[in-house]
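Comments concern the structure below.
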Amino acid sequence: MIAIFQEERLISIVEYLKSNKRITIDLICELYDVSRDTARRDMVKLEEQGLIVRTRGGAILPTLSKEVGDYDQRLQAESSSKLTIGRTASALIQDGDYIMMDASTTVLHAANALTSKHNVVVTNSIEIAAILTRKDSTTIHMLGGVLDNKHHSVYGAKAIEMLNDYHVDKLFIGTCGLTEEGLSAPNEEESYLVRAMMQHADQVIVLADHSKFGKRLFNRVVGFESIDVLVTDQELSSAMKEKLLACEVKIVLAEGDDQHD
């Protein structure tokens, strides 16, 4: 075997983990023809970079996603996918519907694509509220509370209290992570508000692009039993799809292909 430099080995180890979930010291020695001391040094280096979690005799990839960018970064990420999902989701809104929208950047695309008339919209997003001011015959109710400068949204006890005054036909929410355990978010405040929104809507519609698949963040928001529709842009894994369908969640692909009646 041709010897490779440490940096090349580290990249190769991470790629192996993406496909195989776990690697051992012995396997690193075998794959790269290095000593156990060298393999251990590779593991230490990867752990210092935050790329792996060391386990007894080996390593796995971190299962917890921690990085959530600011609003502009999130808006640019997977923008074409979000645009397609937003257009598909907006088609679910009928004339006269009372709806609620959270501060997700994917939901913002649904607001932008809105063509129905005489809608009443409740939102905690200052960006969505601004977009809806340009929609004729749309009435906007803005939740009050603490303004999150980073995410351009309102949160807190006051926002949750105000929700008690409303009930809507449909709730549109995004998610930072989507696993077989359900939806997750980076902080509790966001989770509290979303869960409260769900209590005041007849139908819960989740918008999530493929980059959210398999991502688990710190705080679990809800399981699939709490949602009614998932609008996404790519086919789900068989395990994820099975979990969703078991909870009677309708899966809609952004191209318009409805996978479940």
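The values are calculated or read from the model by the stated rules, or taken from the named source; none is laboratory data. Source: prediction; values computed, not measured. Methodologically, a virtual Cβ is constructed for each residue, glycine included, from the backbone with ideal geometry; neighbour enumeration extends over all protein chains shown. Calculation scope for accessible area: heavy atoms of the full protein, side chains included, ligands and nucleic acids excluded. Shrake-Rupley method; radii C 1.70, N 1.55, O 1.52, S 1.80 Å.
How do V14, V107 stack up against each other in accessible area, from largest to smallest, with a 1.4 angstrom probe?
In descending accessible area the options line up as V14, V107.
Output the Kirkwood hydrodynamic radius of the chain, Cα pairs only, in Å rounded to one decimal.
The answer is 20.1 Å.
Rolling a 1.4 angstrom probe over the protein heavy atoms, how many square angstrom per residue are accessible across the chain?
51
Looking only at the chain, where both bridge partners belong to it, what percent of the DSSP beta bridges are antiparallel (to the nearest 5)?
40
Among the GluC sites (Glu not before Pro) in the range 169-215, which ones are in a DSSP loop with at most 13 other Cβ atoms within 10 Å of the Cβ? Mind listing them?
Values: sites: E180, E181, E188, E189, E190; in loops: E180, E181.
Hits after loop and neighbour filter: E181.
Return the loop-located GluC sites (Glu not before Pro) in the range 195-261 (DSSP other than H, G, I, E, B) with at most 11 other Cβ atoms within 10 Å of their own Cβ; answer none if there are none.
Filter output for the range 195-261: E248, E255.
Roughly how compact is the range 1-44, stated as its Cα Rg over 2.2 N^0.38 Å to two decimals?
Compactness ratio reported: 1.03.
Just to be sure I follow: if Rg is taken over the C-alpha atoms of the range 103-240 and Rh is the Kirkwood radius over the same atoms, what is Rg/Rh?
Numbers: Rg = 14.6 Å, Rh = 15.4 Å.
When Rh is taken as the Kirkwood radius, the ratio is 0.95.
For the range 145-199, rounded, prolate or oblate, judged on the Cα gyration tensor with a ≥ b ≥ c (square roots of eigenvalues), a/c < 1.5 rounded, else prolate if a/b > b/c? Before the final figure, lay out each step's value.
Values: a/c = 2.03, a/b = 1.20, b/c = 1.69.
The shape class here is oblate.
Roughly how many whole Å is it from the C-alpha centroid of the range 1-46 to that of the range 90-121?
49
Percent of Cα-Cα pairs per 5 Å bin, from 0 to the last occupied bin, for the range 86-165, please list those.
Binned Cα distances yield the sequence 3, 17, 28, 25, 16, 9, 2.
Which trypsin sites (Lys or Arg not before Pro) from the range 1-46 combine a DSSP loop assignment with at most 13 other Cβ atoms within 10 Å?
Details: sites: R9, K18, K21, R22, R36, R40, R41, K45; in loops: K21.
Qualifying residues, ordered by number: K21.
Which of the residue pairs K45/K82; K18/K158; K21/K158; K117/K250 have a Cα-Cα distance greater than 32 Å in the structure shown?
Distance filter (> 32 Å) returns K45/K82; K18/K158; K21/K158.
Tell me what the chain gives for mean residue ellipticity at 222 nm when only DSSP H runs of n ≥ 4 count, each as -39,500 (n - 2.57), the sum divided by the residue total, rounded to 500 deg cm²/dmol.
Values: 10 runs with 96 residues, N = 261.
Computed mean residue ellipticity for the chain: -10500 deg cm²/dmol.
Quantify, in whole percent, the carbon and sulfur part of the accessible surface of the range 1-41 (1.4 Å probe; protein heavy atoms only).
So the carbon and sulfur contribution to the accessible surface is 54 percent.
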